[in-house]
Amino acid sequence: MEKKEMIEIPGEWNIHYNYAAGKITSKFLITLRDEGKIMATKCDKCGLVILPPRSYCERCFVRVYNLVEVGNEGTLTCFSIIYEPFPGLPKPPYVIGYVKLDGADTSMVNFVDGVDLSDLSSALKKLKVGAGVKVIYKEERVGRVTDFSYRLIS
Amino acid sequence: MLRNVAVIGVGQSNFKYYRPDSTLVELAQEATHLAVKDGKISLDDIEAVVVGVAPTALFGIDAVERWFVGAVGGRNKPFLRVNTGGATGGSAFQAGYFHVASGIFDLVMVAGAEKVGESPDTQFILNQIWEPAWERDFALNAINMCAFQAVRHMHRYKTTMEDFARVSVRCHANALLNPHAHIRKAVTTEEVLSSRVICWPITLLGACPRSSGGCAVILASERKAKELSTRPAWVTGVQECTNTVFMGDKMDMPFNDHADFDDLAIATKRAYDMAGIDLPIKQIDVAEIYGPFSNMEIAAVEALGFCPKGKGAQMEKDGAFQLNGELPVNPSGGVLCTNPISITALVRVAEAALQVMQKAEARQVKNVKRAVATGMGGSLQIHTCTILSDEPR
Amino acid sequence: MGQEVAIVGIGRIPCEAKIGSKSLNEIIFQVTRAALDDAGIEREAVDNVVLAASDQLDGRAICSMVLACPAGAYLKDEIKVCQDGSTAVAMAYMRLASNVYDVSLVVSWTKCSETPVLQVTNLSCEPFFNRPIGLNYISTAALQAGVYTNSFGVTPEDAAKVIIKNRANGAKNPLSHLKQPVTADEIKNSPLVAWPLRRIDLPPESDSACALVLVSSNHVRKIGRSPVWISGIGWATDTYYLGSRNLNHIESLRGAAKMAYRMAGINDPRKEIGLIEIQEITAYHELINYEALGLCNAGEGKCLIEQGVTLRDGDLPVNLSGGALCSNPVFCGGLIGVAEAAMQIRGEAGNQANRKIRTALAHGTYGFCGQGNTVIILKGQ
């Protein structure tokens, strides 16, 4: 029986963008790179200390001008362990987590390094919402948010 | 005074993973013709078209709706496209509703299609939805953002992976009765729990497939609906709510925590108010809920007010959401069995409309007067809620 | 018809080649804040938000995810349309006319400096027939300009009159991107990009954003200032396949204009409209658009400009803002056109008309060769 031939045309998108980070984000990344510190923004109206920092408060809808330094320790508020490989994304398994750093009111995402993932149930004993976490700064920093990562405080 | 608007026709493909026989627009065309036939009108009768397609990067064609125009009978008619990520179908429906509710149009087509099988890079593309400075580096994608919701819900309410698995068992069983569903294979709790972990705690059988196909819905003014249909599905409420993209703003928060869908609850309350509903568990007869991962249906039933927060898993366990239960959820099999991203939220509305119009065939729930359909997009941040009724407001 | 709708707040920033010091989120916040301030309200007063943006132009696969909240949408009912900014006005109009909502924010933006715009437009081609031929916004505009000039004997000198007019207008508009007038010699010496288009026949690529506050009629006295009524809306999209269209005119703009005129009760646009803001894809397209708007017969667009009708001091000035030939932030151009027309009616435009403007028309376009168009008719009190 004759099978109908169906043609597939291959295609690829390779679009390069250059996103302007703006003053606040630039300040965050430069301070991270040059001083090994994490800066948050504080809204004068509602008082929230926000990470990642933003030059405006989405709720109060006013400009935010003040940058404040936050601590290098905090609590894990959420995490996941990634097992499935996805094209263009890091090789699994790895952990990503949200951490509320001391002094901040919101949590910021980053990789959680150094977790032994060889046995899932043991890992889940350590990886818990509420676990203590510290910030580890890379030796060589380039001004990207991956210049730091989190580690569980054992 | 709000004008009455109704659904008078629905069309949807039999969803599959891959459709090499059709282009994306031919899938929309297929659904459009089915809807027009169901509504007993002709394509020329349609006065305006709303197309819902989500990230066009998935199709590899920018502004792809421009290609749709001819296929959905829209040439030289008022035509617009809506994109709110995963909630697109719900937002497109809402936009169609406003076309008619404004008094400007009497017959409007809402249509869309999805062809996911053409790119293997779906999650890479969905990594590009995040803020370039803050979130892309961490391989955030559409799966792990939902895993985060599960982790928060488990932490707050002691929900378990078994609780999530029950949702998947129910949906897969329901899909056997739906000829349009993509995955039509029953699963057991054990199978769900032992399937491969993708992003903990989400396992393969607790996750949606990727589906290709089209869907179209026809909306009519009160005058036209009464003329053309003996049992239209009246749109008594349709609302949306958008939250911040930053999931970190929702971690460990008294209100608007990532465990809950407080944003869906806001959209729902507004929709219920529009529809005059104050006791949803009694007044809603069937729900088509947007839940691409099983954990999300539990938070959704709580947000819809069917039970207090943290009690959704117990209600599921008690069988309340089964086809023969107190309030059937996803008699179609839901998103866990069929996920044509661009139109998934539109399919929810279509299925809810079929229930109200009593055209849902083997999956018809008895005595449906009111149905609710939800849509969700973004970082679990964009929510639509639509209420359909057998009576106008 | 339902509730009437008026513009009561306008938020603008200048159009520039590159706004490098602010992120896209920040310029969106800036114009939205400015619109709220102009209307004298806080975000709490808004009950719905309509956005118009392109994922590919923004380089974010679902751009409203990150950009809805800078546009004021936090926990509000928000929707994003994918035609241009003027279509967002049509969408907001329907939402307000339905009586479900009363106070709408309409926001649109593009930062061309961050994106390879030409490449992105090539990617809007389906991959089977059009993309391999490398069609993009320039080559397709050139195809249409070639058909039009051939059909009606329109010359590069006719196009030059449009460029001279618009560039002179833009020079008087502080918000314009290009602020230098041009001479006939500069135009003659401009290199050919895609016949018959010279570089100078084409708009620049700009960064900008724009926001409006719209209210339903029963809120006009409570909120905002200097209301400008939307008396008509119309939009339409033609087929995708250029070969199925007769490119010597723009059918969907004819249809959009008819719909808007009917709603606004306009029978003789030439007489009843005081000012027009067009998003001209090229200088030739401004002439094509005159014809599609029913201001003259086919092929006679050049006569309108020859006779001085659409010049600054003419009976029906077109593009006092400078039009797209001076400022082209692609996606929000149409919304800026609406804003400029509204500002003219309010008497606050940078290059203000020299007589009182009571009725104005704003136009937006999207897709190759004006595949889709939107027309908004505005009326003063």
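Rule-based calculations on the coordinates, nothing more; no lab input. Because the structure is predicted, anything quoted here is derived from the model rather than measured. Here Cβ is always computed from backbone atoms with ideal geometry, including for glycine, and neighbour counts include all displayed protein chains.
Between the Cα long axis of helix C:156-171 and the first principal axis of chain C there is an angle of about 30°, rounded to the nearest 10. Local charge for C:VAL50 was computed over the other residues whose Cβ lies under 14 Å away, with Lys and Arg +1 and Asp and Glu -1, and equals -2.
Backbone amide hydrogens, once placed in the peptide plane, bring A:ILE81 within less than 5 Å of B:TRP200, excluding anything fewer than 5 places away on its chain. Counts of other chain beta carbons within 10 angstrom of each beta carbon in peptide C:250-256 average 2.
Taking amide H atoms as placed 1.01 Å from N in the peptide plane, the amide H of A:ALA104 lies under 5 Å from those of A:GLY71, each 5 or more residues away in sequence or on another chain. Checking every one of the trypsin sites (Lys or Arg not before Pro) in the stretch C:141-232 against DSSP loop status and a limit of 14 other Cβ atoms within 10 Å picks out C:ARG221, C:LYS222, C:ARG225. Convex hull volume per residue, computed on the Cα atoms of the stretch A:66-154, equals 120 Å³. With a 10 Å cut-off around each Cβ of A:97-110, the average count of Cβ atoms from other chains is 5. Here the Karplus curve 6.51 cos²θ - 1.76 cosθ + 1.60, taken at θ = phi - 60°, turns the phi angles of the stretch B:95-109 into couplings of 4, x, 4, 5, 4, 7, 5, 6, x, 7, 10, 9, 9, 10, 9 Hz, with x standing for Gly and Pro.
Across the options B:ALA225, B:ASN76, B:ALA101, the greatest Cα extent toward the positive end of the charge dipole of chain B (unit charges at beta carbon of Lys, Arg, Asp, Glu) belongs to B:ALA225. Binning all Cα-Cα separations of the protein assembly as shown at 20 Å, short to long from zero, yields these whole-percent fractions: 15, 48, 32, 5, 0. As a proxy for reagent exposure, ranking A:ASP34, C:ASP37 by other Cβ atoms within 10 Å from fewest up yields A:ASP34, C:ASP37. Can you bin the stretch B:233-351 into rounded, prolate or oblate? Criterion: square roots of the alpha carbon gyration tensor eigenvalues sorted a ≥ b ≥ c, rounded for a/c under 1.5, prolate for a/b above b/c, oblate for the rest. Verdict is rounded for the stretch B:233-351. Placing unit charges on the Cβ atoms only, positive for Lys and Arg and negative for Asp and Glu, gives the stretch A:22-152 a dipole magnitude near 340 debye about its Cα centre. Scaled against 2.2 N^0.38 Å for its residue count N, the alpha carbon radius of gyration of chain B is 0.90. Projecting the Cα positions of B:TRP134, B:ILE202, B:ALA299 onto the charge dipole of chain B (unit charges on Cβ atoms of Lys, Arg, Asp and Glu, taken about the Cα centre) puts B:ALA299 furthest along the positive direction.
Relative to the longest principal axis of the Cα atoms of chain B, the long axis of helix B:262-275 makes an angle of roughly 40 degrees.
Only Lys, Arg, Asp and Glu carry charge here, each on its Cβ (+1 for the first two, -1 for the last two); on that basis chain C has a dipole of about 480 debye about its Cα centre.
Counting only GluC sites (Glu not before Pro) that are in a DSSP loop and have at most 13 other C-beta atoms within 10 Å, tell me the longest site-free stretch of chain A. Could you put the intermediate results ahead of the total?
Numbers: sites that count: A:GLU2, A:GLU5, A:GLU8, A:GLU12, A:GLU139, A:GLU140.
Result for the longest clean stretch: A:13-138.
Remark on the stretch C:1-126: ratio of C-alpha radius of gyration to 2.2 N^0.38 Å is 1.08.
Given the C-alpha centroids of the stretch A:20-46 and the stretch C:124-166, what is the distance between them in whole angstrom? After rounding, the separation between the Cα centres reads 46 Å.
Taking 25 Å as the limit for the C-alpha separation, the pairs B:LYS185/B:LYS359; A:LYS100/A:LYS138; C:LYS80/C:LYS111; B:LYS282/B:LYS317; A:LYS45/B:LYS158 exceed it in the case of A:LYS45/B:LYS158. Between C:LEU135 and any residue 5 or more places off or on another chain, the built amide H atoms are never under 5 Å apart.
Looking at the square roots a ≥ b ≥ c of the eigenvalues of the Cα gyration tensor of the stretch B:138-213, which shape do they give, rounded for a/c under 1.5, prolate if a/b is larger than b/c, or oblate?
Details: a/c = 2.18, a/b = 1.41, b/c = 1.55.
Here the stretch B:138-213 falls in the oblate category.
Computed from the Kirkwood radius of its Cα pairs, the Stokes-Einstein diffusion coefficient for chain C at 25 °C and 0.890 mPa s stands at 121 µm²/s. Each listed q (0.19 Å⁻¹) maps to a log10 I(q)/I(0) for the stretch C:258-301 from the Debye sum over equal C-alpha point scatterers, namely -0.60.
In the protein assembly as shown, helices alone account for a calculated mean residue ellipticity at 222 nm of -9000 deg cm²/dmol, with every DSSP H run of four or more residues adding -39,500 (n - 2.57).
Could you work out how far the C-alpha centroid of the stretch B:333-354 sits from that of the stretch C:237-294, in angstrom? Result: 38 Å between the Cα centres.
Sorting B:GLU47, B:GLU302 by the number of Cβ atoms found within 10 Å of their own Cβ, with the fewest placed first, yields B:GLU47, B:GLU302.
When each of A:SER55, C:SER113, B:SER168 is scored by the number of other beta-carbon atoms lying within 10 Å, the sequence from fewest to most is C:SER113, A:SER55, B:SER168. From the Cα gyration tensor of the stretch C:81-180, with a ≥ b ≥ c the square roots of its eigenvalues, which class applies: rounded if a/c is under 1.5, or else prolate if a/b is larger than b/c, or else oblate? Oblate.
If you find the alpha carbon centre of the stretch C:342-381 and of the stretch B:269-306, how far apart are they in angstrom? The stretch C:342-381 and the stretch B:269-306 have Cα centres spaced 44 Å from each other. Under a 10 Å cutoff between Cα atoms, tell me which one of C:ALA184, C:ALA209, C:ALA171 has the largest fluctuation in the Gaussian network model of chain C. Highest fluctuation of the listed residues: C:ALA184. Counting only other chain Cβ atoms within 10 Å of each residue's Cβ, the peptide B:375-388 averages 2. The angle between the Cα long axis of helix B:294-303 and the longest principal axis of the Cα atoms of chain B comes to about 70 degrees, rounded to the nearest 10. About its Cα centre, the protein assembly as shown has a charge dipole of approximately 980 debye under the convention of +1 per Lys or Arg Cβ and -1 per Asp or Glu Cβ, with nothing else charged.
Rounded to the nearest Hz, the phi-derived 3J(HN,Hα) couplings of the stretch B:313-320 under the Karplus curve 6.51 cos²θ - 1.76 cosθ + 1.60 (θ = phi - 60°) are 5, 5, 4, 5, 4, 6, x, 4, where x marks glycine and proline. Kirkwood analysis of chain A, using all unique Cα-Cα pairs, places the hydrodynamic radius at 18.0 Å. 3J(HN,Hα) along the stretch A:22-35, derived from phi through the Karplus expression 6.51 cos²θ - 1.76 cosθ + 1.60 where θ = phi - 60°, amounts to x, 5, 5, 5, 4, 4, 4, 5, 5, 5, 4, 5, 8, 10 Hz, with x in place of Gly and Pro.
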